[in-house]
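Below: the structure, in structure tokens.
The values are calculated or read from the model by the stated rules, or taken from the named source; none is laboratory data. The structure displayed is predicted, hence computed values, not measured ones. Using ideal geometry, Cβ is built from the backbone for each residue, glycine included, and neighbour counts are taken over all protein chains shown. To get the accessible areas, we keep the full protein, side chains included, count just its heavy atoms, and leave off ligands, DNA and RNA. Shrake-Rupley method; radii C 1.70, N 1.55, O 1.52, S 1.80 Å.
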Amino acid sequence: MKKILVATVKPFHPNAVDGIQEICSKAGYEFSLLEKYSDKSELLDAVADANALIVRSDKVTREVIEAGKNLEIIVRGGAGYDNVDLEAASEKNIVVMNTPGQNANAVAELALGMMVYFARNQFNGKAGTELRGKNLGIHAIGNVGQLVAEIARGFNMDIYAYDPFEKDESIKKKGVTPVQSAEELYKKCQYVSIHIPANDKTRNSINYDLMKLMPENATLVNTARKEVIDEEGLQKMMAERDDFNYISDIAPDCKDVFEEKYEGRFFFTPKKMGAQTSEANINAGLAAIKQIKNYFENGDKTFQVN
Ligand code: 3PG
């Protein structure tokens, strides 16, 4: 009997867990749940005899992969899979998948929500500004970027996107104006919303040279990974230009400097919460178990990332 382990420090919504359990029981799989664990050893023990592992942003290191002697598949319920050691998994022929798009709407709503909140001075009662008529730059127009564009259209923003992996024609079909470089995007837009993954090419790629191109009263919005930002460059920007603001779903490592020096020019969520909605949890959790079932039963590797 295949054993499916759901191991999430940040639990999925209970309905997602119930749904996963139900699919497991109908398919004849054993279901095992490890939530809110605080010590890596708990995960190492739990994964020992699992055939499939479902996680959120839990760190699936080489150690975890090696402890999972029977592991055949790991599914990250969510988009970013920078938490999984792909090399270690591939060495053991373990398939790694994500569940693209399943939590995209939650992240997109948060991006726009933070923009409104910030433009209105964090609802402190003082006069703010509006999003209408401002240029919004979408840095990578995948599942999340596309939904950000859709919502921003409702705010009557002028929307541009840079995405080296999307053809101009397909960007235009989304009602968005394509630009040819990140530099052009940052130069044009008061708001830039980042939707690039964190990998060897993108880590620290949002640097001073790029940020400094942004026009007056610029706000950089990061609902991607904090690692894509070059924090030294960010601090330099904050120090040099008092019209530059940074809002992010999760604080940068240099949060203390912001708190000490830049009051009113930043907003950080207390912990990463882009995908923290019931809907996103249910979508991502159920997609994960369905993908596992489809892999076990039909060899379907559609969302494989390694
Ligand atoms: C993602 O990559 O899908 C999001 O960052 C969500 O991460 P979480 O499941 O850990 O909240």
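Near residue 56, within a Cβ-to-Cβ distance under 13 Å, what is the net charge of the other residues, with Lys and Arg +1 and Asp and Glu -1?
Working: positive: 10, 36, 59, 76, 271, 272; negative: 35, 58, 82.
Combined, the nearby Lys, Arg, Asp and Glu give +3.
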What residue among 82, 253, 168 shows peak mean-square fluctuation when the chain is described by a Gaussian network model with Cα springs under 10 Å? 253
So if I take the alpha carbon set of the chain, get Rg, then get Rh from the Kirkwood formula, what is the Rg over Rh ratio? 1.00
Using helices alone, I'd like the mean residue ellipticity at 222 nm for the chain: each DSSP H run of four-plus residues gives -39500 (n - 2.57), total over residue count, nearest 500. -11000 deg cm²/dmol
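Suppose every K and R has +1 on its Cβ and every D and E has -1 on its Cβ; what is the size of the dipole of the range 242-294 about the Cα centre, in Debye to the nearest 20?
On the way: 7 positive and 9 negative charges, 120 e Å.
With only Lys, Arg, Asp and Glu charged at Cβ, the dipole is about 580 debye.
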Fluctuation leader among 163, 256, 18 - the chain, Gaussian network, Cα springs under 10 angstrom: 256
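Among residues other than residue 118 whose Cβ falls under 14 Å from its Cβ, what is the net charge (Lys/Arg +1, Asp/Glu -1)? List each step's numbers first, then the result.
Numbers: positive: 120, 126, 134, 265; negative: 130, 243, 249, 263.
That sum, taken over residues with Cβ under 14 Å, equals 0.
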Under 19 Å from the Cα of residue 2 - lysines, other chains or at least 8 residues apart: 26, 69, 92, 290, 293, 301
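Cα gyration tensor of the range 22-92, axes a ≥ b ≥ c as square roots of the eigenvalues: rounded (a/c below 1.5), prolate (a/b > b/c) or oblate? Spell out each step's value before the answer.
Numbers: a/c = 1.37, a/b = 1.33, b/c = 1.03.
The shape class here is rounded.
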Taking +1 at the Cβ of each Lys and Arg and -1 at the Cβ of each Asp and Glu, which of 138, 119, 171 sits farthest along the dipole of the range 65-209 towards its positive end, judged by Cα position relative to the Cα centre? 119
Apply the a/c threshold of 1.5 to the C-alpha gyration tensor of the range 123-212 and tell me whether it is rounded, prolate or oblate. oblate
Using a Förster distance of 35 angstrom, determine the FRET efficiency expected from the C-beta separation of residue 294 and residue 260, and round it to 0.05. 0.10
Which value, in Å² and to the nearest 10, is the accessible area of residue 282 when all protein chains are kept and the probe is 1.4 Å? 40
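Going by accessible area, probe 1.4 Å, with all protein chains left in place, what is the ranking of 176, 116, largest first?
Values: 176 5, 116 45 Å².
Listed by decreasing accessible area, they come as 116, 176.
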Once the in-chain neighbours fewer than 8 apart are removed, the aspartates and glutamates whose Cα is under 16 Å from residue 126 read 263
Pick from 109, 91, 150 the residue whose mean-square fluctuation is largest in a GNM of the chain, springs joining Cα atoms under 10 Å. 91
For the chain, find the longest principal axis of its Cα atoms and tell me its angle to the long axis of helix 143-154, 0 to 90°, nearest 10. 40
FRET efficiency for residue 92 and residue 126, Cβ-Cβ distance as r, R0 = 51 Å, nearest 0.05? 0.35
Could you tell me how far the Cα centroid of the range 237-254 sits from the Cα centroid of the range 1-73, in Å? 37
Karplus-derived HN-Hα couplings along the range 79-91 (A = 6.51, B = -1.76, C = 1.60, θ = phi - 60°), whole Hz, x at Gly and Pro: 9, x, 10, 5, 8, 10, 6, 5, 5, 4, 5, 4, 4
Can you send over the solvent-accessible area of residue 76, 1.4 Å probe, protein chains only, in Å² to the nearest 10? 20
Tell me, in nm to one decimal, what length is gained between residue 150 and residue 304 on full extension, where the rule is 0.36 nm per residue of separation less the Cα-Cα distance? 52.7 nm
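Between rounded, prolate and oblate, where does the range 104-268 land on the alpha carbon gyration tensor, with a ≥ b ≥ c its root eigenvalues, rounded for a/c under 1.5, else prolate if a/b exceeds b/c? Intermediate results must be reported in sequence, preceding the final value.
On the way: a/c = 1.64, a/b = 1.24, b/c = 1.32.
Since a/c reaches 1.5 but b/c is at least a/b, the shape of the range 104-268 is classed as oblate.
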Rounded FRET efficiency, nearest 0.05, which uses the C-beta distance separating residue 201 from residue 49 and R0 of 41 Å: 0.65
Would you list which lysines come within 24 Å of residue 172, measuring only between C-alpha atoms, while excluding same-chain residues fewer than 8 positions from it? 134, 187, 188
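Size of the dipole of the chain about the Cα centre, Lys and Arg at +1 and Asp and Glu at -1 on the beta carbon, nothing else charged, in debye to 20?
Numbers: 38 positive and 45 negative charges, 139 e Å.
So the magnitude is around 660 debye.
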Treating the beta-carbon of each Lys and Arg as +1 and of each Asp and Glu as -1, no other charges, what is the dipole magnitude of the range 40-103 about its Cα centre, to the nearest 20 debye? 160
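Would you mind giving the average projected area, over all directions, of the Cα convex hull of the range 106-146 in nm² with one decimal? It would help to have the intermediate numbers written out before the result.
On the way: hull surface 13.1 nm².
The Cα convex hull of the range 106-146, projected and averaged over all directions, gives 3.3 nm².
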Near-label residues of the range 213-251 by backbone N, under 17 Å of a point 7 Å along Cα→Cβ of residue 187: 213-216
When the charge dipole of the chain is computed with +1 on Lys and Arg Cβ and -1 on Asp and Glu Cβ about the Cα centre, the Cα farthest towards its positive end, among 38, 222, 152, belongs to 152
Exactly which trypsin sites (Lys or Arg not before Pro) in the range 241-291 are in a DSSP loop and have at most 10 other Cβ atoms within 10 Å? 271
